[in-house]
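Notes for the one structure printed next.
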Amino acid sequence: MWPYKLQCFDCQREPAAVETGLRCKTCDGLLEVKFELKGKKKPSWDHRQVSVWKYRELLPIENEESIITLAEGGTGLHRCTRLGRKLGLKKLYVKNEGENPTGSFKDRGMTVAISKAKELGKKKVLCASTGNTSASLAAYSARAGMECIVLVPKGKVAGGKLLQVAMHGAKIIQVKGDFDQAFKTALKLAKRRRDLYLMNSINPYRLEGQKTLAFEISDQLGSKAPDSVILPVGNGGNISAAWKGFTEFQQLSITKTRPRMIGIQAEKAAPIANAVKRRENKIRLVYNPQTLATAIRIGSPVNWPKVLKAIKESKGTAETVTDSEILQAQRELATLEGIFVEPASAASVAGLKKLRANMRVDASETIVCVTTGHGLKDPSVLERLPKSRTGYNLEITNRTNLDALRRII
Ligand SMILES: *Cc1c(COP(=O)(O)O)cnc(C)c1O
Ligand SMILES: [Zn+2]
């Protein structure tokens with residue numbers, strides 16, 4: 001590991017690196033891990049397999065013995081020629097984060113944050129979650145032998161995710177309301193109870209793990225950054241972490257350029273996209289956010305200052321999509337490319353379609369859509385599929401005449 005410090009994202013003051021508080025003591029700003037990269041050269045890591053820990057020099061873990069891992073990262077960057085042709089795009093890729101150990105990108109952050117928790121001597125970890133953070137934390141805390149408490153919005157978590165949390169033996173607390181209420185409660189709990197370590201994306205160590213998404217994309221494109229990266233945005237940790245990753249690779253001269261960062265939100269849960277559209281430098285909270293893409297059903301995103309800065313600096317943008325656009329994109333990705341993602345993930349593809357229709361992306365651009373979570377996490381989508389997809393009602397017995405199938409096959 002290279003030397004780093006913790007720094008306030010707003011006032012740039014530096015709390016000590018071992019500090020475990022999650023906000024600046026002076027101005028209450030978000031914290032950020034800073035590596036000093038001036039004059040540094042790329043570490044000799046080319047022989048290592050693509051994965052989160054390939055980049056361990058740029059991850060804030062002091063001892064390799066602290067590392068808790070389930071082999072995260074190394075996910076496919078899939079060239080999508082069939083979907084690309086449909087959208088009139090020559091170089092479209094999907095970075096499929098559903099291929100991570102618990103089925104979402106959250107594992108990238110969790111392997112680093114739980115390793116840090118171990119270094120800090122923590123025994124109990126806590127998070128509020130729309131599902132995937134808790135599924136990931138439950139798995140990693142089990143592997144680390146730590147106690148795990150998760151707060152989830154009651155009745156609003158996809159079935160597969162809740163199953164994961166229960167299976168790994170975390171304590172599940174169902175909170176009335178939506179994610180924003182659950183997160184508020186988690187913040188209060190973490191403040192009051194010093195033995196609980198908060199693992200939401202306000203935790204700067206988690207975002208360090210998540211920045212490896214950008215490292216991998218650049219590596220997989222042959223030390224090149226794409227022109228545009230499109231991600232679904234909830235709390236905004238992932239898009240800010242990816243921007244940090246692209247920036248660090250450019251500082252190390254591994255890549256020459258940085259991509260436009262494009263964030264996609266669901267129409268009725270879009271505080272960040274709305275701020276970008278209104279050209280405001282602050283968000284307006286959304287009360288009672290609505291979307292079937294539960295992973296991005298968030299009205300009060302904690303990382304908004306980082307997101308707005310990433311979009312601005314990168315000359316990127318943000319867009320909103322409806323639930324039916326999300327479901328359609330989910331089906332297209334599955335039928336045209338064989339990639340099955342959960343609804344929130346399909347928002348990136350739905351957003352791309354909208355941007356393309358409005359001529360806001362070029363046919364010749366290299367575009368990467370990040371699909372953030374696996375499709376199996378949310379089986380409730382089955383009920384929304386057209387009847388023609390869910391099977392024909394034809395009872396087959398030994399005596400059935402094959403002619404009966406002729407109508408169908
Ligand atoms: C967590 C999550 C998101 C949102 O990521 P943020 O870092 O909160 O913006 C999007 N999609 C899926 C599947 C997720 O689990
Ligand atoms: Zn500060």
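Data overview
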| item | result |
| --- | --- |
| Stretch gain in nm, segment R406-L376, where the contour uses 0.36 nm per residue and the Cα spacing is subtracted | 7.6 nm |
| Qualifying trypsin sites (Lys or Arg not before Pro) for the range 271-345 [loop in DSSP, other Cβ within 10 Å: at most 16] | R278, R279, K282, R284, K315 |
| Cross-link pairs K42/K244; K41/K95; K86/K377 - those with Cα-Cα distance over 19 Å | K41/K95; K86/K377 |
| Net charge, V286 excluded, C-beta distance under 11 Å - Lys, Arg +1, Asp, Glu -1 | 0 |
| In the range 217-266, the trypsin sites (Lys or Arg not before Pro) that fall in loop regions by DSSP, at most 13 other Cβ within 10 Å | K256 |
| Within the chain, helix-based [θ] at 222 nm, where runs of 4 or more DSSP H residues each add -39,500 (n - 2.57), nearest 500 | -10000 deg cm²/dmol |
| Greater than 27 Å apart at Cα, pairs in K54/K116; K38/K277; K118/K156; K5/K40 | K38/K277; K118/K156 |
| Estimated FRET transfer efficiency (K184, T390; beta-carbon r; R0 45 Å; 0.05) | 0.70 |
| Cross-link reach list, aspartates and glutamates versus K312, counting only Cα pairs under 16 Å and skipping chain neighbours closer than eight places | D10, D227, E280 |
| The range 268-281 - phi-based ³J(HN,Hα) in whole Hz, Karplus 6.51/-1.76/1.60, Gly and Pro as x | 9, 8, 10, x, 7, 4, 5, 5, 5, 5, 7, 6, 9, 9 |
| Length released on extending from R193 to K315, taking residue separation times 0.36 nm less the Cα-Cα span | 39.8 nm |
| Of K256/K315; K124/K188; K176/K315; K34/K161; K25/K309; K171/K309, those spanning more than 27 Å from alpha-carbon to alpha-carbon | K176/K315; K34/K161; K171/K309 |
| Sparse-neighbourhood loop sites, trypsin sites (Lys or Arg not before Pro) in the range 53-95 - DSSP loop, at most 16 other Cβ within 10 angstrom | K90 |
| FRET E, pair E36, C11, Förster distance 25 Å, beta-carbon r, rounded to 0.05 | 0.85 |
| Under 15 Å from the Cα of K122 - aspartates and glutamates, other chains or at least 8 residues apart | E19, E147, D195 |
| Using alpha-carbon coordinates, inclination of helix 179-192 to the longest axis of the chain, degrees | 30 |
| Fraction of accessible area attributable to carbon and sulfur, the range 145-273 (%, probe 1.4 Å) | 52 |
| Directionally averaged shadow of the chain, computed from the convex hull of its alpha-carbon atoms, nm² | 21.9 |
| Gaussian network model of the chain, Cα within-10 Å springs - most flexible of D178, D219, D107 | D219 |
| Point-charge dipole on Cβ atoms (K/R +1, D/E -1) for the chain, about Cα centre, debye to 20 | 740 |
| Kirkwood hydrodynamic radius of the range 118-171, Cα pairs, Å | 11.0 |
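The values are calculated or read from the model by the stated rules, or taken from the named source; none is laboratory data. A quick note: this is a predicted structure, and the numbers were derived from the prediction, not measured. Every residue, glycine among them, receives a Cβ derived from its backbone with ideal geometry; neighbour counts consider all protein chains shown. Each accessible area value is taken on the protein alone, full model and side chains, heavy atoms only, with ligands, DNA and RNA left out. Shrake-Rupley method; radii C 1.70, N 1.55, O 1.52, S 1.80 Å.
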